[in-house]
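Note sheet for the following structure.
The values are calculated or read from the model by the stated rules, or taken from the named source; none is laboratory data. Predicted, not measured: the structure shown is a model, and the values here were computed from it. So basically every Cβ, Gly included, is an ideal-geometry build from the backbone, and we count neighbours across all protein chains shown.
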Amino acid sequence: MPQDFINSLKTELQKPLPGIDVQFEMAHINREKLKPEEFDTVNYRQSAVLLLICKKNGKYYIPLTERHVYKGAHSGQISLPGGKFEEADDTLENTALRECDEEIGLKDNIELLGILTPVYIPVSGFVVNVYVGFLNSDDQDFKINAAEVKSLIELELNDLLNPELIKMTTVEPMPGLKLKTPYFDVQGKVIWGATAMILNEFKSLLQKKDLF
């Protein structure tokens, strides 16, 4: 692995991104394909997530959160730390950092590297802005907010690149609504929907020659 991986990734994030076509490789067949330039055609709310790269024992990984089961559109799903924009945040970047702190207790030594392509969530009307960051510390002192997070999943970047992680299944996000969808099988967990789409775009960046 190149020693300058993080610097190379930061540089790559400033270039044209893989974009919506790569994201939709991991979308269910009925998902509305709304491009970023078309977001203004719908009534949406802003939100932000943080794809945080951490390093432990010489390996890079991304922390993912498993939601509790509740009466809502995203019940029990696996996601990146994040949430809706609040006026006090001032910027979406601050939203991503605040939510990361609130959900998994990390706020210090985070270097923001760039952004991925935003994703529109039809079921909830949110546009998710995806920030990529690096935890510049070997001390990952996670403080899980048990009210919001059921469990923490550590997805190693080497595993993300494994094509055998991608499988097909049928999910039922709400009673009577069954969707056939590709997903990432991570430690027996089904990662689908917007999170899978975001991870697929990030995976596409990692697959570029000499990046990882």
Just need a number here: residues in region 2-34 that are closer than 28 Å to GLU111 by Cα and free of Cβ contacts under 8 Å to residues at least 40 places away in the same chain.
7
Specify the residue that is farthest from ALA146 (Cα to Cα); the eligible residues are those in region 98-133 that are of a type in the set (Val, Ile, Thr) and outside any strand (DSSP E or B).
THR117
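Residue-wise test of (1) at pLDDT 95 or above; (2) of a type in the set (Gly, Ala, Ser).
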{"residue": "VAL42", "(1), (2)": "no, no"}
{"residue": "GLN46", "(1), (2)": "yes, no"}
{"residue": "LEU51", "(1), (2)": "yes, no"}
{"residue": "ARG67", "(1), (2)": "no, no"}
{"residue": "GLY72", "(1), (2)": "no, yes"}
For region 161-179, indicate whether the set of residues that are of a type in the set (S, T, N, Q), out of contact with any helix residue (DSSP H, G or I) (no Cβ under 7 Å at 6 or more places or on another chain) and surrounded by 16 or more Cβ atoms within 10 Å (Cβ to Cβ) is non-empty.
no
Assess whether SER8 counts as being among the small types (Gly, Ala, Ser) and under 21 Å from ALA194 (Cα atoms).
no
When you check THR65 against the structure, is it without any contact (Cβ under 8 Å) to a residue 60 or more places away in the chain, over 17 Å from ASN136 (Cα atoms) and surrounded by 14 or more Cβ atoms within 10 Å (Cβ to Cβ), yes or no?
no
Is it fair to say LEU165 is in contact with a strand residue (DSSP E or B) (Cβ under 7 Å, 6 or more places away or on another chain), under 24 Å from ALA48 (Cα atoms) and not charged (D, E, K, R)?
no
Note down all Cβ pairs under 7 Å where the first residue falls in region 115-129 and is surrounded by fewer than 15 Cβ atoms within 10 Å (Cβ to Cβ), the second is assigned to a strand (DSSP E or B) and at pLDDT 90 or above, and they're at least six residues apart or on different chains.
GLY125/ARG45
Tabulated pairs, region 81-105, first in contact (Cβ under 8 Å) with a residue 24 or more places away in the chain, second polar (S, T, N, Q) and assigned to a helix (DSSP H, G or I), C-beta under 8 angstrom, 6+ apart or interchain
GLY82/THR95; GLY83/THR95; LYS84/THR95; PHE85/THR95
Among the residues of region 2-21, is any surrounded by 20 or more Cβ atoms within 10 Å (Cβ to Cβ) and out of contact with any Lys or Arg (no Cβ under 9 Å at 6 or more places or on another chain)?
yes
Quick one: would you say GLU156 is at pLDDT 95 or above and either surrounded by 18 or more Cβ atoms within 10 Å (Cβ to Cβ) or under 21 Å from ASP21 (Cα atoms) (or both)?
no
Go through region 161-212 and report how many residues are in contact (Cβ under 8 Å) with a residue 24 or more places away in the chain and in a helix (DSSP H, G or I).
14
